[in-house]
Amino acid sequence: MHTHTSSQQETRGRTTVTDSYLPQHGDSGYRTAEYDLELDYRPLPGRLAGRARITAVAERTLPEVVLDLGPFRINRVLVDGARPARYTHRADKLRIRPAKPLRAGASFTVEVRYTGVPHPVRTPDWGDLGWEQLEDGALVASQPSGARSWFPCNDRPDDKAVYRIAVTTPSPYTVVANGSLTSRTISASTTTWVYEQPAPMASYLATVQIGAYELVDVAHSGPVPQPAAVPRELLGRFEHDFARQPQMMMAFTDLFGPYPFDDYGVVVVDEELDVPVEAQGLSIFGSNHVDGRRGSERLIAHELAHQWFGNSLTVADWRHIWLNEGFAKYAEWLWSEVSGGPSAAALAAKSRDKLALLRQDIKIADPGLRRLFDDRLYERGGLTMHALRTVMGHAAFVTLLREWTATRRHGVVTTEEFIALAQWHSAHPLEGLFRMWLYDTKLPTLPQPRR
């Protein structure tokens, strides 16, 4: 897109981390398995009525279940479909007390019915997060902690679940959400769109996009369907600007391994956005990213790469964000190289020159909460990848990336795991390289290719 001590224990294939960057979000006492969301949205008053049914498993004895949820009116809360449960709701925390404590290992469901006008979560460093009302519709961009602006959730990146998202809205609107469109039901004046995302997904990657969009296809053949939702007046420019996305998909599949989801959607909102936004299985661009001259093609590459790095492989906590952003930045340079533009080496050299003029006070493996989306983290993350490829050699580098995405597919990842796997694949020691690029603040020089 727009940490230090962590206690970790292995829990059934998932690393549970107390995320010290955002300790107030999420709850490690349970892990979610499924979210079933039924939303009714009226764009003009901006009113949302929701029913969320969450299936989860208790990690320890739970006297209460804590969910993140913004300032909605709660109409009803049920645990295990039984009679209404007691709850309190303040400071964006919904605390639910079942009739008796849930025992460790027990599966349970919580159902929450709520209504209100969703407002984005305001932050000092990253602007507004979550559900945002547009002039004609809505968009959702929740990274890192805005999901509570529209549904009750366990808002931590390492807790991934499958999703069903049903949205009812007036019939002129098109709705896009994560996963595949499984049904569309038209009634008198409204249409209900149902999407299912069967691959585990972090709450910050869940999204709903509502607007007056035309539905088109970017790829007319190939293994991955690539639908798009675009304002009618931008269709001509869009078709030109996104024409190379299918080749990009093929190039990245060669470099990173099989595309991790069933399809890849794109939404262009009728509004300018500072930066595009990744969600699981789709990316959201602003009208300013469609100029008819492919002026934002590097961003198309960046967002597509996030489907592997960020969405299939999700950071165990936010301090590892360079694993998302450095990899996606480097994907821009790799795409330039394979599509006949400047080489990755040329782009890396240019990036390093630019960084050399800026303050050198960021440690990208632990940048601190305020710097999660610092440009220097993206650029230096890309440079780390280029330094690694230079030292390992291209073939070993590609083998590393393909194994990384295959063995961690739909899981959570840490910097330490990546370093260990890289060293396993490298004929040369990498400890010094990673220390200089990830843990020191001083900007290193790029290694020279081996003769």
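The values are calculated or read from the model by the stated rules, or taken from the named source; none is laboratory data. These figures come from a predicted structure and were not determined experimentally. Glycine also receives a Cβ, built like all others from the backbone with ideal geometry; neighbour counts cover every protein chain displayed.
Quick notes
- Residue 300 being over 23 Å from residue 383 (Cβ atoms) and hydrophobic (A, V, I, L, M, F, W, C): no
- Of all residues in the stretch 75-88 being in contact with a Leu (Cβ under 7 Å, 6 or more places away or on another chain) and in a strand (DSSP E or B), the one that is farthest from residue 26 (Cα to Cα): 84
- Exactly one residue out of 53, 73 is closer than 21 Å to residue 145 by Cα and within 24 Å of the chain's Cα centre (by Cα), and it is 53.
- Residues satisfying the criterion are present in the stretch 106-129 (criterion: among the acidic types (Asp, Glu), assigned to a loop (DSSP other than H, G, I, E, B), more than 22 Å from residue 212 (Cα to Cα) and not assigned by TED's automatic domain parsing to the domain that holds residue 38).
- Candidate set from the stretch 6-56 (those that are polar (S, T, N, Q) and modelled with pLDDT of 90 or more); member that is surrounded by the fewest Cβ atoms within 10 Å (Cβ to Cβ): 55
- Among the candidates 282, 273, 255, residue that is touching a strand residue (DSSP E or B) at 6+ places or on another chain (Cβ under 9 Å) and surrounded by fewer than 24 Cβ atoms within 10 Å (Cβ to Cβ): 273
- Scanning the stretch 174-210 for residues that are in a strand (DSSP E or B), of a type in the set (Gly, Ala, Ser) and either closer than 16 Å to residue 282 by Cα or in contact with a His (Cβ under 8 Å, 6 or more places away or on another chain) (or both) yields a total of 4.
- The single condition among (1) under 14 Å from residue 29 (Cα atoms); (2) touching a Gly at 6+ places or on another chain (Cβ under 7 Å); (3) hydrophobic (A, V, I, L, M, F, W, C) that residue 106 does not meet is (2).
- Index of the failed condition, residue 298 passing every other in (1) under 14 Å from the mean Cα position of the chain (by Cα); (2) not in a loop (DSSP other than H, G, I, E, B): (1)
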